[in-house]
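Novice: Submitted below is the structure of interest, expressed as structure tokens.
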């Protein structure tokens, strides 16, 4: 169920509606490397949890998906960070770029669960045959609702909200969450975005080896998202196609 919602969210990024929240403009231009650096292996140290969280928030807000925000140096986080630096011709190095941290001056914010959140919570099922019998694919709990809204791992939310019991959340409770642009499921509307010729130069590339979906515009990488490419029996394959719609 979460995978279906994640795929739908990804579709929205490629073909965003007017309701898609916009991120604030960058405080300044990113520092450039003296010359474009060739793609090579770069050893990233294990950043402390606060630093890792801020970098994950920055990447998430700028369409380079680090996976779930959890303050950890995971595979997708490392790949997304290096991909962002390469695409913006930033120096590739293991030390933290202060400019990136400056874009996220506040790591956390507070979120009060509204009464209507309960409309998106209900019975769940893991098997497709069982899901087909449900009236809708909802969240299994308010914790899952909050975690997906703020692109976070549930265990990480538990950690930063101790000693609060997040398994007993209810409307009106205030939760500490990463200061990321939230996914507002209540703003979604059925339908499809109209093709936009202005985005005719956008291309989607599915990299099944690195497990990322990449979006290029005029041969420039502008977005990257982690994916589950499929099993060996039903592989997703590598796909290149034009995209005629996109975010503002």
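What follows draws every value from the coordinates through simple rules; no lab data is involved. If you're wondering where the values come from, they're calculated on a predicted model, not measured in any experiment. So basically every Cβ, Gly included, is an ideal-geometry build from the backbone, and we count neighbours across all protein chains shown.
Novice: If we sort 180-187, 133-140 on the protection proxy, mean other Cβ atoms within 10 Å, highest first, what's the order?
Specialist: Those peptides, ordered most packed to least, come out 180-187, 133-140.
Novice: Going by how many other beta carbons lie within 10 Å of each one, how would you line up 97, 60, fewest first?
Specialist: Result, fewest neighbours first: 97, 60.
Novice: To the nearest Å, what is the center-to-center distance of region 131-148 and region 160-230, using C-alpha atoms only?
Specialist: Using only Cα atoms, the two centres lie 17 Å from each other.
Novice: If packing is taken as the mean number of other Cβ atoms within 10 Å per residue, what is the order of 191-198, 204-211, highest first?
Specialist: With the highest mean Cβ count within 10 Å placed first, the list reads 204-211, 191-198.
Novice: Right, another one. For a test of the definition: using alpha carbon positions, the gyration tensor, and the 1.5 limit on a/c, classify region 108-187 as rounded, prolate or oblate.
Specialist: It is prolate, given that a/c is not under 1.5 and a/b is the larger ratio.
Novice: For 144, 217, 106, 50, what ranking results if the residue with the fewest other Cβ atoms within 10 Å of its Cβ goes first?
Specialist: Listing 144, 217, 106, 50 from fewest to most nearby Cβ atoms yields 106, 50, 217, 144.
Novice: Using Cβ counts within 10 Å as a stand-in for footprinting exposure, how do 203, 113, 69 rank, fewest first? Walk me through the numbers before you get to the answer.
Specialist: Working: 203 16, 113 19, 69 26.
With the fewest neighbours first, 203, 113, 69 line up as 203, 113, 69.
Novice: Calculate, in nm to one decimal, what residue 189 and residue 207 gain on full extension: separation in residues at 0.36 nm each, minus their alpha carbon distance.
Specialist: Using 0.36 nm per residue and subtracting the Cα-Cα distance, I get 3.5 nm.
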